[in-house]
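Let me begin by presenting the structure, written as structure tokens, before commenting on it.
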Amino acid sequence: MSETLRCIGCGSVIQTDAPGEIGYTPKSALEKGLAAGEVYCQRCFRLRHYNDIQDISLTDDDFLRLLNSIGETEALIVNVVDIFDFNGSLIPGLHRFVGANPVLLVGNKVDILPKSLKRSKLIHWMKEQAREAGLKPVDVCLTSAKRKHEMAELLEVIESHRDGRDVIVVGVTNVGKSTLINSIIDTVSGVRDVITTSQFPGTTLDKIEIPLEDGHYLIDTPGIIHRHQMAHYLGKKDMRIIAPTKEIKPKVYQLHSGQTLFLGGLARFDYLRGEKSSFVAYVSNDVSIHRTKLANADAFYDKHVGGLLQPPREAERESFPELVRFEFSIKEKTDIVFAGLGWITVTEPGIVAGWAPKGVTVVRRRALI
């Protein structure tokens, strides 16, 4: 295959080795495309024929190039984050790249949080967390890409802030950005009948431009890899286990000091010192939690990881990173957050430790719920 063979939809160099990366197309599709004289990457093909935008991954160089281009274009920046993994889905340093452009922060997957959590409190919390990360959004809104009525509300908010500018949608991988974009396309197509597959112009390498009625564009960008997310170390089957698809059910544990909770084989929570108290785990309903004595925890993990403690699976046990320990002194109600997996709420003062695969962050924050 010629190195200069490019997708006629977006201009990316065609490659058949790395699904999920820029320019990928299956070999069988490439052969058909060459025979027809029209070679598209898989992403552009699915967009043209199914109105389906697929996320793709960026290299670190692509990441920097994309961020630098954001500040050079006058636009409203729509930063999509996963509410369930808020800390893990913020784009590192985004505030340094947006220039004078306003940022609208969109919290996706609101439907998986307990209904007892009021939206007003969640929005206030998101604003605080964003400011701590150096980001000053002009507005914060909540949505679920699966609910069409919420797309109409999101479009109204976007319209109120864009002031006749383009709209650039950014987000790390696994925040549901592509589902959100596809839902917007379906919403607009169904209501106004203004967007069809033939109206999507190909652009360069990594962006897809969706025309708006006033001649400006809604610009989709590839998902940015956040290397401190749990998802970076898991395959698709395990991602289905740890990524909630419906409202999570909090799991309450009464722990004495010297007890440990394992979140599958992916993470570990130690209660080191304090009075007997309640701890609440907020993880996917499919993640199994096992309690054991702290004194036996290391041996228990070594014996059962890949078996009783899954994920990871037995076949992935050897390649899975070792767990690294983070210790915290807790003085008030606090969440211990395992990036990309969930969190455990500590309700009383004490000393705790969180363990996660090497490279995945464990942080504390003021309790969300």
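Read the figures in this text as sums done on the coordinates, not as results from a lab. Predicted model, so just to flag it, every value in this text is computed and none were measured. Using ideal geometry, Cβ is built from the backbone for each residue, glycine included, and neighbour counts are taken over all protein chains shown.
What to note about this one:
- Stretch gain in nm, segment Ser288-Lys27, where the contour uses 0.36 nm per residue and the Cα spacing is subtracted: 90.0 nm
- In this simple spin-label approximation, Ala367 and Ser319 carry label points 7 Å from Cα along the Cα→Cβ vector, and these lie 4.0 nm apart.
- Springs between Cα atoms under 10 Å define the GNM used for the chain, and in it the highest mean-square fluctuation of Gly265, Gly223, Gly33 occurs at Gly33.
- The candidate values were (i) 39, 25, 17; (ii) 44, 21, 19; (iii) 87, 26, 14; the one computed from these coordinates for semi-axes √(5λ) of the Cα gyration tensor in Å carries the label (i).
- From most to least packed by mean Cβ count within 10 Å, the peptides 268-275, 246-253 give 268-275, 246-253.
- Every Cα-Cα pair of segment 1-50 was included, and the share exceeding 17 Å stands at 19 percent.
- Residue exposure sequence - Glu213, Glu31 - by fewest surrounding Cβ within 10 Å: Glu213, Glu31
- Förster radius 51 Å - calculated FRET efficiency between Ser116 and Asp214, Cβ distance, rounded to 0.05: 0.80
- Only Lys, Arg (+1) and Asp, Glu (-1) charged, at Cβ; segment 231-366 dipole about Cα centre in debye: 300
- In degrees, nearest ten, helix 27-36 long axis to first principal axis of the chain (Cα): 10
- Angle in degrees between helix 177-192 and the longest Cα principal axis of the chain, rounded to the nearest 10: 50
- Counted charge near Val110, where neighbours are those whose Cβ lies closer than 14 Å (Asp, Glu -1; Lys, Arg +1): +2
- Computed E for Leu64/Glu275 - FRET, C-beta separation, R0 56 angstrom, nearest 0.05: 0.70
- Once both labels are positioned 7 Å from their Cα atoms along Cα-to-Cβ, the gap between Phe326 and Glu247 label points is 2.9 nm.
- Computed FRET value (nearest 0.05) for Gln254 with Glu128, which takes r as the C-beta separation and R₀ as 35 Å: 0.70
- Full-stretch length increase - Ala36, His49 - with 0.36 nm per residue and alpha-carbon distance subtracted: 3.1 nm
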